[in-house]
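Working notes, beginning with the structure itself.
The values are calculated or read from the model by the stated rules, or taken from the named source; none is laboratory data. Remember, predicted model here, so these are calculated numbers, not experimental data. In this analysis, Cβ positions are derived from the backbone assuming ideal geometry, glycine residues included, and neighbour counts consider all displayed protein chains.
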C-alpha cells in the first residue's frame, strides 16, 4: 500500500467503509504489535496496548491531519500507550531517566519464553532459535529498534521514528550499529548466516 | 528532507549521524540479517488472531456524532516524579478536555478491576456510559458533576457523556 493509497483508504474509512478499515488493520497490525513487543510487554499488556491503539484510531479518524501518515500516527500512539502501561504495571520498577531508558523487568510471558517453550514450532532450527536468543540478548535500545524493524509488513522510516521517538536520519546508522552488534554476538556463538550483504 | 505534519516533527533534529532517506521507504533497507529476523518474528510472535478480530471490531465503537475529549493529563506520565502505581496505593488521575468541558477521573485499583471516581468541570449532571473490555456500564453524574462506578475492567477504557442540551462527548481511549 503506497502512501497515497493509504491516505485514500483512511478517507474511505472516515466515510464509514468497513472494508477500508479492515485493510488498515491488515496493513498496520504488525507494526502496532511490534511496538508493544519492542517495549517488552507480555501478552496481556501488549494486547491492551494493541486494542487501545486501534480503538483510538477509530475515534480519531476524522481528526487525522495527515491521513497518508496514519502508520506513523499508529506507531506513535502505540509507543505512548506502551509507556503508559509499563508505568502502571505492578511488576515494573520506579524510574526517573529523562532519556526514557526505563529499566524493564522481563515479563514471564515475553516472546523469549514463548519461543523456548515452542519446541514443536517448525523453524529452521537451532540456528533460528540461536539467532532469536542472540537478539533477545541485545541491550534495550537496539532490541526496541530491531523488534519494530522486524514488523510485517516492513515499516517505513517515518513509522519507525514515531515508534521509537527517534529522528528519521538516525535510524539507518543506529540500525547498522545494532545489526553489527548482533552479527558480532552471532559470530561469537559460532552461528552462521548473519553475513552483511555487499 | 521534510516531514511536514508528522507527529515527530519537533524531534527531528539534524546530527552527525543523520542521513537523507526516503521517509516512506523500508527502514530495514533489505538487510539479509534483518530479513531473517523478520521471518523468525513472524513465526514465533505474530499478531494473535483474537487481537486482529478485536481491531477489526473497533470500527463499530466509533462515535459518529460525539465530540472527542482528548487526554490532557495522566499522572503516571505527566507528573514531575514518575512513579509506579501499585494496586491499593496512590490513585491514578486522568484528565480529558473538550472545549470548556473537563472530565477528571481517578482510577483506583480494587482487586483485579478498577473503581472510577469522576468529576465534570464545570459541574453539571450527565448520563455516562463507561466503555471497557467487559462491556459497558451506565452511571449518572449528579448536579455537582460527580460520578462513581466500580468493577471496571482493566484495559482499554472510554467514557461517553450526554448532558441535557449538549452534544455527546467521548473521551479518548486509554489503557487503565
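Data overview
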| item | result |
| --- | --- |
| Residue within region A:119-126 that is surrounded by 14 or more Cβ atoms within 10 Å (Cβ to Cβ) and modelled with pLDDT of 50 or more present | yes |
| Filter result for residue B:97 (more than 18 Å from the chain's Cα centre (by Cα) and surrounded by 14 or more Cβ atoms within 10 Å (Cβ to Cβ)) | no |
| Selection from region B:25-47 of residues that are at pLDDT 90 or above and more than 7 Å from chain A (Cβ to nearest Cβ) | B:35, B:39, B:46 |
| Verdict on residue A:158 being buried (at least 23 other Cβ atoms within 10 Å of the Cβ), more than 8 Å from chain B (Cβ to nearest Cβ) and either more than 13 Å from the chain's Cα centre (by Cα) or in a helix (DSSP H, G or I) (or both) | no |
| Selected residue (only one of B:74, B:18, B:22 is at pLDDT below 90 and facing chain A (nearest Cβ under 7 Å)) | B:18 |
